[in-house]
Amino acid sequence: MLSLGIYIIGSLVVIVILHYWRNLKSNGKLPPGSMGWPLLGETIPFFAPNTSLDISPFVKERMQRYGPIFRTSLVGHPIIVSTDPDFNYFIFQQEGKLFQSWYPHTFAEIMGRQNVGSFHGFMYKYLKNMVLNLFGPESLRKMLPEVEKTTNNNLKRWSKQKSVEMKEATAKMIFDITGKKLISYDSENSTENVCENFVAFVKGLISFPIYFPGTAYYKCLQGRKKTMKMLKRMLEERKSQPRKEQSDFFDYVLEELQSKDTILTEAIALDLMFVLLFVSFETTSWAITLAIKFLHQHPQALKELKVRYTIPAGWAIMVYSQAVHLNPTKYEDPLQFNPWRWKGIELNGATRNFMAFGGGIRYCIGADFAKVQMAVFLHCFVTKYK
């Protein structure tokens with residue numbers, strides 16, 4: 001009887017907890033959705049592998065069931081998932097006001113507790129400006145010949161091979177370019193196989209966070225640990241043997257660390273370096289791999305990419321913007337007055353299909369003044385006269 005009573009009480013407790021968990025109280029109306037199991041939430045289906053190019057099954061199923069905005073629970077945190085473009089845009093615009101970027105504890109463990117994504121306000125802007133110093137327009141212009149040379153060398157080598165694993169090959173190519181710019185890393189002459197560490201890191205990046213030898217998450221953190229150890233050692237070597245001129249991002253970081261009023265720390269600098277190396281290794285290589293796949297599957301797109309003309313030096317080019325604005329392939333009935341055609345289109349600056357005020361560095365400096373005059377005139381005219 002005692003064991004039966006304990007069983008009944010235990011069952012009631014579980015039912016109460018489940019009821020409370022799945023019917024959370026709120027002052028307002030929560031979006032539809034499911035909180036899954038207590039503590040665990042819907043973490044397991046969220047981390048299920050997605051082998052297609054489509055939206056993950058987890059999100060797609062809930063969009064169909066609940067709509068573009070729904071609630072769930074992941075890694076012990078209640079979360080609202082938004083797939084609504086207008087709401088997402090609003091969130092980005094309101095960061096630092098109504099919203100603040102946040103990452104779960106497991107993400108901080110993987111990317112570093114002081115990674116650039118964990119900062120807000122002035123510190124985030126400071127780190128962003130540091131990165132722009134490396135990848136700004138002027139720096140990119142200087143990098144172009146080197147990027148082109150590396151690309152051509154790799155393409156030439158791949159063309160002589162029977163087959164190429166494109167994701168792996170492009171990841172190594174991009175990593176060599178970025179690694180050289182960031183830390184003067186030379187894969188051919190270095191004793192460190194940094195790429196191998198990142199391969200282990202990436203495989204466990206989107207995995208269930210169980211830190212136990214043999215799990216993907218464990219291998220992920222081990223890959224990060226090895227890379228961070230290497231970066232730390234390189235930083236110490238640079239400090240003991242500083243270079244006369246800046247040759248990479250490490251030199252710039254050292255200069256910042258040694259400046260009198262710096263807010264940069266070694267921990268922040270190393271986490272920043274790690275994140276920059278990671279994004280160059282993983283994201284760009286996927287984009288290039290998919291571009292090759294789709295171009296191979298769509299010959300017409302490839303054919304159009306190869307269309308080009310020679311513009312002899314010294315010839316003039318006339319940019320005839322009126323033809324752009326009245327192009328029937330872009331605008332239906334272009335001569336028909338239809339102000340609704342611009343609804344939902346951002347026109348604060350020049351775009352490929354709207355350049356009434358020019359573009360680039362030649363964008364009309366009086367554009368805003370002209371808009372004010374027209375807006376005020378139309379306001380007065382429409383509201384006071386007929």
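Observations on the model:
- Once segment 96-118 is narrowed to residues that are more than 16 Å from the chain's Cα centre (by Cα) and free of Cβ contacts under 8 Å to residues at least 40 places away in the same chain, the residue that is farthest from I268 (Cα to Cα) is L98.
- Test for K330: is it out of contact with any helix residue (DSSP H, G or I) (no Cβ under 6 Å at 6 or more places or on another chain) and assigned by TED's automatic domain parsing to the domain that holds E165: no
- Among the residues making up segment 336-386, those that are among the small types (G, A, S), over 14 Å from H325 (Cα atoms) and touching a residue at least 12 places away in the same chain (Cβ under 8 Å) are G349, A370.
- Restricted to helices (runs of 4 or more DSSP H) entirely inside segment 222-315, those with at least 2 residues that are closer than 20 Å to G117 by Cα and touching a helix residue (DSSP H, G or I) at 6+ places or on another chain (Cβ under 8 Å) are 249-258, 266-297.
- Residue match in segment 318-325 (condition: out of contact with any helix residue (DSSP H, G or I) (no Cβ under 9 Å at 6 or more places or on another chain), surrounded by 11 or more Cβ atoms within 10 Å (Cβ to Cβ), among the small types (G, A, S) and at pLDDT below 90): yes
- Residue satisfying condition, being touching a Phe, Trp or Tyr at 6+ places or on another chain (Cβ under 7 Å) and surrounded by 10 or more Cβ atoms within 10 Å (Cβ to Cβ), within set R341, R362: R341
- On inspection, L127 passes the criterion of being within 30 Å of Y211 (Cβ to Cβ), assigned by TED's automatic domain parsing to the domain that holds T178, under 21 Å from the mean Cα position of the chain (by Cα) and modelled with pLDDT of 80 or more.
- Boolean, N133 is in contact (Cβ under 8 Å) with a residue 12 or more places away in the chain, farther than 29 Å from C220 by Cβ and of a type in the set (S, T, N, Q): yes
The values are calculated or read from the model by the stated rules, or taken from the named source; none is laboratory data. All of these numbers come straight from a predicted model, not from anything done at the bench. Note that each Cβ is placed from the backbone with ideal geometry, even for glycine, and that neighbours are counted across all protein chains shown.
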